[in-house]
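Colleague: I'd like to ask some things about the structure below.
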Amino acid sequence: MNKRIGKQTLLLPSAPSIVGYASVVGQKEGEGPLKDCFDLISEDSYFGEQTWEKAESHMLRQCFELACAKAQLPPSALDAVFSGDLLNQCISSAFAMKDSKLPYLGLYGACSTMAESLGLAALLIDGGYAGTAAAVTGSHFCSAERQYRFPLEYGGQRPPTAQWTVTGAGAVLLGKEGKGPRVTAVTFGSIVDAGIKDANAMGSAMAPAAYETLKAHFADTGRSPKDYDAIFTGDLGALGHDILQELFRRDGVELDCSYMDCGVLLFDLNTQDVNAGGSGCGCSASVLGGHILRGMEKGVWKRVLFAATGALMSPLSAQQGNSIPGICHAVAIENGGWGNGTAD
């Protein structure tokens, strides 16, 4: 069987199963609309540590251990861990996993990292190179502010297009067999640079990348938005969400009510003072490890397309006036194998 269809999409004939998942968030996220979906809501933004960066590592490790405990799978049973975050050299992921003694693959895809790690973990299993693997991703508001913008004490004002970096983490465990939803296809995206230079308008920088990846997925698979019970991008926020819909509308395609964005879902945009919504690696990761997979487990959705988006920038590139390239990776998750979801 040819596992590659079209230019960018890979089919996974063995359809690795999601055998466990978990989500951990901070207090602000735990006050939002999805508060009942998370496994743990921390009232302490330091997570018992002395620095924001250590707090982020603690949160990631805690989320990973929760997923293992829920799956009744000891961490030592895993063959590989794919993990990433927003910090320089992915230190929160590396320090979170440094004592695990597991094969570790650190990733940086900005806010697209959850889809990137999930897709790669599934491919490793489908290829027969692992029996089990984990995808772990997270971010922390305070550590991201320190690195990308200003110290919190600065109290800078945010424009309406700005997004709030989520304090949260998601962990997904995959296995060859299991009763959970299955990863059936992955569409890895290409970098799209729309020329946006405003770091406070990342939704507009990432939306074109989401458009190109989703368009490639539909072209490669012969599917349309209507073939999915739900399509989740993450995290375009309110601005990017609207831009993506308009880009498809120009093609005569309506994403309609099946399309949602993790950055919009996670917070109440009217009451929580997050401007255009959530962002950060932990945004789509915690929504996947909470809201989406819980919904699939309960039968709310049978076939989902999870398309995490990222802004491939650094503090230095922004300071030098460079544009912000975007990336998006899409993962098809189905209750059943390829073609056994809601429609073909």
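Colleague: I'd like the distance between the alpha-carbon centres of the stretch 40-81 and the stretch 203-231, rounded to an integer number of Å.
Modeller: 32 Å
Colleague: Rounded to the nearest 5, what % of DSSP beta bridges with both residues in the stretch 182-334 are antiparallel?
Modeller: Counting DSSP beta bridges with both partners in the stretch 182-334, the antiparallel share is about 65 percent.
Colleague: In terms of the Cα gyration tensor, with a ≥ b ≥ c the square roots of its eigenvalues, is the stretch 27-90 rounded because a/c is under 1.5, prolate because a/b exceeds b/c, or oblate?
Modeller: Here the stretch 27-90 falls in the oblate category.
Colleague: Starting with the highest mean, order 228-239, 76-87 by the number of other Cβ atoms within 10 Å, averaged over the residues of each peptide.
Modeller: Final packing ranking: 228-239, 76-87.
Colleague: On the Cα set of the stretch 15-175, report Rg and Dmax in Å, please.
Modeller: Rg and Dmax of the stretch 15-175, Cα atoms, are 15.7, 51 Å.
Colleague: Hey, another quick one. Thinking of the stretch 98-207 as a set of Cα atoms, what percent of all their pairs are more than 23 Å apart?
Modeller: 45 percent
Colleague: Got the relative contact order for the chain handy, in percent, Cα pairs under 8 Å and 6 or more residues apart?
Modeller: Across the chain, relative contact order equals 26 percent.
Colleague: If you take the Cα Rg of the chain and divide it by 2.2 N^0.38 Å, with N the number of residues, what do you get?
Modeller: Normalised by 2.2 N^0.38 Å, the Cα Rg of the chain equals 0.90.
Colleague: Another question about this same structure. Determine the shape class of the stretch 261-341: with a ≥ b ≥ c the square roots of the Cα gyration tensor eigenvalues, call it rounded for a/c under 1.5, and otherwise prolate if a/b is greater than b/c, oblate otherwise.
Modeller: oblate
Colleague: To continue, here is another question. Compute for the stretch 182-334: radius of gyration divided by Kirkwood radius, i.e. Rg/Rh, restricted to C-alpha atoms, rounded to two decimals.
Modeller: Value, to two decimals: 0.96.
Colleague: Could you give me the ³J(HN,Hα) list for the stretch 297-302, computed from phi with Karplus coefficients 6.51, -1.76, 1.60 and θ = phi - 60°, whole Hz, x at Gly and Pro?
Modeller: 4, 7, x, 5, 10, 9
Colleague: Still on this structure: Nearest-5 percent of antiparallel DSSP beta bridges in the chain?
Modeller: For the chain, the DSSP antiparallel bridge percentage is about 65.
Colleague: Another one. If I stretch the segment between Asp251 and Ala219 completely, what's the gain in nm (0.36 nm per residue apart, minus their alpha carbon distance), one decimal?
Modeller: Values: separation 32, 0.36 × 32 = 11.52 nm, distance 1.29 nm.
That pair, Asp251 and Ala219, stretches by 10.2 nm at full extension.
Colleague: Continuing with the same structure: Per the Kirkwood formula on distinct C-alpha pairs, the Rh of the stretch 218-295 is how many angstrom?
Modeller: This gives a value of 13.3 Å.
Colleague: When a/c reaches 1.5 or more, the comparison of a/b and b/c decides; with that in mind, is the stretch 49-135 rounded, prolate or oblate per its Cα gyration tensor?
Modeller: oblate
Every read-out reported here was derived from the displayed coordinates using simple, explicitly stated rules and does not represent laboratory data. As the structure is a computational prediction, the values presented were derived from the model and not from experiment. We place every Cβ from the backbone using ideal geometry, glycine too, and count neighbours over all the protein chains shown.
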